[in-house]
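Notes to accompany the following structure.
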Amino acid sequence: MTVHTTIDSPLGELLLVGERSATAPGGTALTSLSVPGQKGGAVVQDGWREDAGAFSEIVSQLRAYFDGARTRFHIECVKGGTDFQRRVWKALETIPYGTTVSYGDIARQIGAPRTAVRSVGTAIGRNPLLVVRPCHRVIGASGALTGYAGGLERKERLLVHEGALRAA
């Protein structure tokens, strides 16, 4: 059964979508974490059930992150995406808090050819788990903030929050 809830955050409203799981802390595996207007973001569907309580553990971890008390998440996530996307998303999860890497760095990390940088960017853009799977930590080779499905303003806020970027 698909469950969902929304919470307020420093990025604005977050939509959390999940599936019940006997192995997930709190009993819910996260399927999607998105913001309104996000390119490719989740939209509540008929048949989904609103259940804020199902996300108590996930919300607790998100609040601790936004309060500066957590730098990593321990959240079970529902597998999705293609094999290539999953390789890229796994690489995202290795980027340390407060640091940034380039799209080329991710391509090298997964053993993709240099010509795959655009494909890596596309896979990152389809990451359904904003914040939790830290795609905001990937920047252009020049150091420029590029491509973030939740909007560049939110990407900048997250990087400032983590100390990877100075406030403008």
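The values are calculated or read from the model by the stated rules, or taken from the named source; none is laboratory data. The structure presented is a predicted model; accordingly, all values stated were derived computationally and were not measured. Only protein heavy atoms, including side chains, enter the accessible area calculation; ligands, DNA and RNA are left aside. Shrake-Rupley method; radii C 1.70, N 1.55, O 1.52, S 1.80 Å.
Per residue of the chain, the DSSP helices (runs of n ≥ 4 H) give a summed -39500 (n - 2.57) that works out to -8000 deg cm²/dmol at 222 nm. Accessible surface for SER142 stands near 110 Å², nearest 10, in the context of the full protein assembly shown (1.4 Å probe).
For the stretch 67-72, 3J(HN,Hα) computed residue by residue from phi via the Karplus equation (6.51, -1.76, 1.60; θ = phi - 60°) reads 7, x, 9, 9, 10, 9 Hz, glycine and proline entered as x. Give the percent of DSSP beta bridges with both residues in the chain that are antiparallel, rounded to the nearest 5. So the antiparallel bridges amount to about 65 percent of the total. For SER102, the residues whose amide H sits under 5 Å from its own are ILE139, ignoring neighbours fewer than 5 places away on the same chain, with H placed 1.01 Å from N. Distance from the Cα centroid of the stretch 4-54 to that of the stretch 96-119 is 28 Å (rounded to whole angstrom). Each 10 Å bin from zero up to the one holding the largest Cα-Cα distance in the stretch 65-168 carries the following percent of pairs: 15, 51, 30, 4.
Please report, as a whole percent, how much of the solvent-accessible surface of the chain comes from carbon and sulfur atoms (probe radius 1.4 Å).
Values: 4380 of 8570 Å².
Its accessible area is 51 percent carbon and sulfur atoms.
Start at zero, step by 5 Å, and the Cα-Cα distances of the stretch 1-107 spread as 2, 11, 19, 22, 23, 15, 6, 2, 0 percent across the bins.
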